[in-house]
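Asks: Below is the structure I would like to discuss, written out as structure tokens.
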Amino acid sequence: KNLKKYYEIPSTKIGGKSQYVKALDDISFTLQKGEILGIVGESGCGKSTLGKTILRLHEKTEGEVIYNNTDLFSLTKSELSSIRKDIQMVFQDPFSSLNPRKKVEALIGQPLKIHKEGNIIERSKKVESIMEEVGINPLYKKRFPHQFSGGQRQRIGIARALALNPELVVCDEAVSALDVSVQAQIINLLLDLWEKHKLTYIFIAHDLSVVEFISTRIIVMYLGRIVEIADKKELVERHVHPYSKALFEAFPLTNPHNRQDKKRVVIGDVPSPLNPPKGCHFHPRCPYAMERCKREYPPLKEISKGHSVACWIEN
Ligand code: SF4
Ligand code: MG
């Protein structure tokens, strides 16, 4: 709710005044149990910061993260630690997020140990059953991360996140480092686990086709703000924000609605989040920009049930 995360950039201090990157600038949304909420946007748009701030791995600048009626930022360290069991994260890079000197059984068992779940035998049993669930032979539990392929390592990362039976799993670019065929396997694994354990996911990725495939609802972010939010089907059929249109052009899906718009924006030419342009942050790249867009930021406005857009064309 109204979440803000600003980073001070000390090297840019001019005349005693610091400059800030507004990584998250007034982000509000709700998440229902059982949803897979996709968050998509180019790198630098604040997606990862959002994921980490929700887990309180970062402190916020302003706002609240309300989880089952509790603002996570109001909790003490030990209160937070017990809630952390319910909210886990799968990271972008399975290569760097796993300690190379630890065996797989220790890596997957570590969260159980930290939270004092069961005795050593119970923990070992749990590790074996989770390994099986994510498709890794439990006989390999004495192996080290480097003895596995990239896809297998991400399976280990997922097993680790699931060890404590969480409710919510935040996946941050969880398949981005993998080959396309392996991506599909991991996404299918995540979907199987979601169904089986009645999980809730926040699925963060820059690749719209991946987000479109897995999500039930999608948020499009641009330079620290939400520019469009809608159910997946609605967004695929009727993306309204010019930036969403550009994303759908850049990641063509099997959707006839994509090709109607001839005005194009080049995706990949990422703007600096330091000092984003005044008014609508997207105006320098927007083929529809009007005078007003350069002066005022458009509020997020609901255009149909559950579908909101921040663009002056719709206001
Ligand atoms: Fe383009 Fe203006 Fe809409 Fe921003 S508010 S996306 S500049 S039309
Ligand atoms: Mg990121």
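The values are calculated or read from the model by the stated rules, or taken from the named source; none is laboratory data. Model, not experiment: these values are computed from the prediction. With ideal geometry, Cβ positions are generated from the backbone for all residues, glycine too; neighbour counts draw on all protein chains shown.
Asks: Output the number of residues of region 107-132 satisfying the condition of being assigned to a helix (DSSP H, G or I), out of contact with any helix residue (DSSP H, G or I) (no Cβ under 8 Å at 6 or more places or on another chain) and among the charged types (D, E, K, R).
Replies: The total comes to 2.
Asks: OK, next. Among the residues of region 209-224, which ones are touching a residue at least 60 places away in the same chain (Cβ under 8 Å), closer than 24 Å to ILE87 by Cα and within 16 Å of ligand 2 (Cβ to nearest atom)? Don't jump to the end; show me each part of the working.
Replies: Filtering region 209-224 for residues touching a residue at least 60 places away in the same chain (Cβ under 8 Å) gives 211-212, 214-224.
Filter once more, so that each one left must be closer than 24 Å to ILE87 by Cα: 211-212, 214-221, 224.
Those that are touching a residue at least 60 places away in the same chain (Cβ under 8 Å), closer than 24 Å to ILE87 by Cα and within 16 Å of ligand 2 (Cβ to nearest atom): VAL211, ILE219, VAL220, MET221, GLY224.
Each row is one residue, and each column tells you yes or no for (1) at pLDDT 95 or above; (2) surrounded by fewer than 18 Cβ atoms within 10 Å (Cβ to Cβ); (3) on the phi < 0 side of the Ramachandran plot; (4) not β-branched (Val, Ile, Thr).
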site: SER28; (1), (2), (3), (4): yes, yes, yes, yes
site: GLU35; (1), (2), (3), (4): yes, no, yes, yes
site: GLY38; (1), (2), (3), (4): yes, no, yes, yes
site: HIS58; (1), (2), (3), (4): no, yes, yes, yes
site: GLU79; (1), (2), (3), (4): no, yes, yes, yes
site: ILE83; (1), (2), (3), (4): no, yes, yes, no
site: MET89; (1), (2), (3), (4): no, no, yes, yes
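Asks: Then there's this: Just checking, how many residues over region 90-122 are without any contact (Cβ under 8 Å) to a residue 12 or more places away in the chain and farther than 20 Å from HIS197 by Cβ? It would help to see each step written out before you state the result.
Replies: Restricting attention to region 90-122, the residues satisfying the condition of being without any contact (Cβ under 8 Å) to a residue 12 or more places away in the chain are 96, 106, 113-114, 116, 118-122.
In the following step, the residues that additionally are farther than 20 Å from HIS197 by Cβ were identified as 96, 106, 113-114, 116, 119-121.
So the count comes out to 8.
Asks: Residues ILE87, ILE156: which one is in contact (Cβ under 8 Å) with a residue 60 or more places away in the chain, under 25 Å from ILE39 (Cβ atoms), in contact with an Asp or Glu (Cβ under 9 Å, 6 or more places away or on another chain) and of a type in the set (A, V, I, L, M)?
Replies: ILE87
Asks: Of all residues in region 104-116, count the ones that are more than 28 Å from the chain's Cα centre (by Cα) and crowded, with 16+ Cβ neighbours inside 10 Å.
Replies: Within region 104-116, residues that are more than 28 Å from the chain's Cα centre (by Cα) and crowded, with 16+ Cβ neighbours inside 10 Å number 0.
Asks: Still on this model: If we keep just the residues of region 290-313 that are without any contact (Cβ under 8 Å) to a residue 60 or more places away in the chain and touching a Ser or Thr at 6+ places or on another chain (Cβ under 9 Å), which is farthest from VAL236 (Cα to Cα)?
Replies: Only one residue fits best here, namely LYS301.
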